[in-house]
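Have a look at the structure below before the remarks.
Bear in mind that the values in this text are calculations on the coordinates, not laboratory data. Nothing here was measured: the structure is a model prediction, and the numbers come from that model. We place every Cβ from the backbone using ideal geometry, glycine too, and count neighbours over all the protein chains shown.
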Amino acid sequence: MKKKFIVFTLILVFLIPMVKQNHSDASINGILLKDFVSLTFYTSKAFIPNYHLLEELIVLPETSFNENDAIEMIRRMGRVDSSILEALVSNHVKITFFNGKLTDQPSASHLKGLKPRGYSAKGPSWDDVPGIGGSKTVLVKIGHSHSGLGHGSLNLELHETAHTIDQHIFNMIRHDEDFHKIWREEAPKMFPNLAYFIDYPEEYFAEAFVYYYYSNDSREQLKQKAPLTEQFFSELIESIRLMNMDEQN
């Protein structure tokens, strides 16, 4: 009987929907991960690297959503080096997971009816695109992580976050002369016949970032096909790690 009471109490604590979950920043359109109450999330957090940093970065919808899909997205974000995640937190970046249309999100409402750069006349407008990055509010649609689900990236959340990392953490490193040399040489080797990554250095940076972090296999692909790019990322990440250490000392 006592065991049943404990189980029932846990169900009450974690599963009963809350009328409103508080979040301290009124500018956030959703619920910060650290404030979200869910048994599914609670039992998963111990197995996700850098969860304490992701709690400050990720914003979840206030309405119902697929929690398993969201946790997998969080798990992939947890593979990013802690030094980069710390820099995102310090720069007040938020990665918002959403349902519905991208342009229903306040930070993207001005894009309604417009076409993304590089898309054909018959291609989707921003209304139907599942993510956008570059600003301090990254938007990624839950359940649309993989290629073919409205985008051509290996992984949506890593790709869009990489645009913000390029812009706000590495001060638009896509314009760096050394990176441009690497991009021109290795983009056609890494992504043959994929004009989006070959024509735009910022897209190459973002997708190479995906391959660096998505899995051991994807990083090995990057190392084999674009070794200068893989080395560039390794050195870049080491530089920010050392910078963070200096700031802490």
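Brief remarks follow.
- Summed residue charge, Cβ within 14 Å of Gly78's Cβ, Lys/Arg positive, Asp/Glu negative: -2
- Listed residues Leu236, Asn155, Leu194: farthest to the positive end of the dipole of the stretch 23-248 (Cβ charges): Leu194
- For the stretch 99-147, the equivalent ellipsoid built from the Cα gyration tensor has semi-axes of 16, 13, 11 Å, listed from largest to smallest.
- Estimated 222 nm signal from helices in the chain, with DSSP H stretches of n ≥ 4 weighted -39500 (n - 2.57), rounded to 500: -14500 deg cm²/dmol
- Of [x] 30, 25, 18; [y] 36, 21, 17; [z] 33, 22, 17, the label for semi-axes √(5λ) of the Cα gyration tensor in Å derived from the coordinates: [z]
- Ordering Val138, Val210 by the number of other Cβ atoms within 10 Å of each residue's own Cβ, fewest first, gives Val210, Val138.
- For the stretch 119-184, the alpha-carbon coordinates run over 34, 25, 19 Å along the three principal axes, in decreasing order.
- For the stretch 64-198, alpha-carbon Rg over 2.2 N^0.38 Å: 1.08
- DSSP-loop chymotrypsin sites (Phe, Trp or Tyr not before Pro) across the stretch 118-172, with at most 15 other Cβ within 10 angstrom: Tyr119
- Integer Hz, Karplus 6.51/-1.76/1.60 couplings in order for the stretch 82-87, x for Gly and Pro: 4, 4, 6, 4, 4, 5
- Alpha-carbon Debye profile of the stretch 152-191, log10 I(q)/I(0) at 0.19, 0.24, 0.25 Å⁻¹: -0.67, -0.92, -0.95
- Cα-based convex hull volume of the stretch 151-249 per residue, rounded to whole Å³: 99
- Taking the chain and dividing mean pair separation by its residue count, relative contact order in percent (alpha carbons under 8 Å, at least six apart): 14
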